[in-house]
Amino acid sequence: MTTATTTTNATDATSGSVLLTLMKLRTFIALFAVVAFFSIFAPNFLSTANLILMSKHVALNAFLAMGMTFVIITGGIDLSVGSIVGLCGMVAGGLILNGIDLQFGYTVYFNVVEVCLITLAVGIVIGAVNGLLITKLNVAPFIATLGTLYVARGFALLSSGGQTFPNLVGKPELATTGFAFLGSGRLLGLPVSIWVLIVVALAAAYVARYTPIGRHIFAVGGNERAARMSGIRVDRVKMFVYMFSGFCAAIVGLVISSELMASHPATGNSFELNAIAAAVLGGTSMSGGRGTIGGTIIGAFVIGILSDGLVMMGISSFWQMVIKGIVIIVAVVVDQAQRRLQQQVTLMQLAKRGDGHD
């Protein structure tokens, strides 16, 4: 009887392990599926021009999703990233076109590098505001970032009265030219934005895997109370992840404005949904404590390819929203199933070891 029970437990554990492995590989399976599907049904999907265009779109999703990954791992959420994209794009456009009027008949202009640094600083500051609201005022992340979403979008609209900052070519005499290089330039055959993505992704992956702050991020998401009792400065960790999320959103604002050579206050609308979808699809747990930058990048590829493929097939934008919503729901359901299965497999493996010991 004992032998039969042991055999059954071993079989169940093996089956559960196989299913668990498939769940962990769900992002790669989804990527293979969407590439195979659109290769068959979308015309010119695998053309060089389309692949380069898709890579630039994927980069935008990936930037936001990386910041979102760190936030979600800590058990939070950042709904403001889309509005930060819009505001930072307007900041860059306004600085290039108008500079800063000091109200004394003197206007200060900045070169492109300075414009980019100021814009990145704006994104980081907004992220810091989110962090302060959450850590010091104990506002729930959903509410804090929802409020920041409206504030940032409102400032983006106020900066130009709702109008676009067009023709951001700059003026040579003011040293404000060269902004187009970030969004349209290429290095070694790849768009500059892809190189920037590679650098940021490698840095983020290194931080998550090899640094104390990375370990603290996972610890806070796994059990905040235990992390605090073990001496981890939880508030600083949360400040860091929201500031990093704002930094990533600022990069996207710069890239989009540079590519279009124009800034519009509505840029980035609903971008937070793609970021959340990419992070969750890439294996980041909405309950916190689990996620990888590599998985998030693959998730961003899935979302980006899905969006571009649906456009190439002529699918309505309304249906695209429905499909993205379904993707998020399915990803969360699979994540919860993976968590439960992981617990069951662990228990069965412990039981197997106990039977073998006896």
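Estimate the FRET efficiency between residue 44 and residue 203 by the formula 1/(1 + (r/R0)^6), using the beta-carbon distance for r and 30 Å for R0, to the nearest 0.05. Each step should come with its number before you reach the end.
On the way: r = 35 Å, r/R0 = 1.15.
Rounded to the nearest 0.05, the efficiency is 0.30.
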> Along the three principal axes, how long is the range 213-257 when you take its alpha carbons, biggest first, rounded to the nearest angstrom?
Replying inline: 45, 15, 13
> Could you give the angle, 0 to 90 degrees to the nearest 10, between helix 81-98's Cα long axis and the longest principal axis of the Cα atoms of the chain?
Replying inline: 20
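In terms of solvent-accessible area of protein heavy atoms at a 1.4 angstrom probe, what is the ranking of 47, 258, 317, highest value first? Please report the intermediate quantities before stating the final value.
Numbers: 47 40, 258 0, 317 70 Å².
Result, largest first: 317, 47, 258.
Note down the relative contact order for the range 191-350 as a percent, whole number, built from C-alpha pairs under 8 angstrom at least six residues apart. Provide the component values of the computation, followed by the final result.
Working: 112 pairs, mean separation 31.4, N = 160.
It comes to 20 percent, rounded to a whole number.
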> Just the accessible area for residue 57, please: 1.4 Å probe, Å², rounded to the nearest 10?
Replying inline: 70
>> If I build a Gaussian network model for the chain, linking alpha-carbon pairs within less than 10 angstrom, which residue out of 277, 62, 266 has the largest mean-square fluctuation?
In response: 266
> What do you get when you divide the Cα radius of gyration of the chain by 2.2 N^0.38 Å, with N the number of residues?
Replying inline: 1.11
> Dipole of the chain, Cα-centred, from +1 at each Lys and Arg C-beta and -1 at each Asp and Glu C-beta, to the nearest 20 debye?
Replying inline: 680
> Which value, in Å² rounded to 10, gives the accessible area of residue 229 with a 1.4 Å probe and all protein chains present?
Replying inline: 150
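With Cβ to Cβ distances under 13 Å as the rule, what net charge do the other residues near residue 68 carry (K, R +1; D, E -1)? Working shown, then result.
On the way: positive: none; negative: 78, 272.
Here the count lands on -2.
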> For the pair residue 184 and residue 108, what calculated FRET efficiency results from E = 1/(1 + (r/R0)^6), where r is the Cβ-Cβ distance and R0 = 30 Å, to the nearest 0.05?
Replying inline: 0.65
> Using a Gaussian network model of the chain with C-alpha springs under 10 Å, which one of 100, 126, 256 is most mobile by mean-square fluctuation?
Replying inline: 100
> If each of residue 163 and residue 100 carries a label point 7 Å out from its Cα toward its Cβ, how far apart are those two points in nm?
Replying inline: 2.3
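The values are calculated or read from the model by the stated rules, or taken from the named source; none is laboratory data. All of these numbers come straight from a predicted model, not from anything done at the bench. Neighbour counts are summed over all protein chains in view; Cβ atoms, including those assigned to glycine, are modelled from backbone coordinates with ideal geometry. All accessible areas refer to the heavy atoms of the entire protein, side chains included, with ligands and DNA or RNA removed. Shrake-Rupley method; radii C 1.70, N 1.55, O 1.52, S 1.80 Å.
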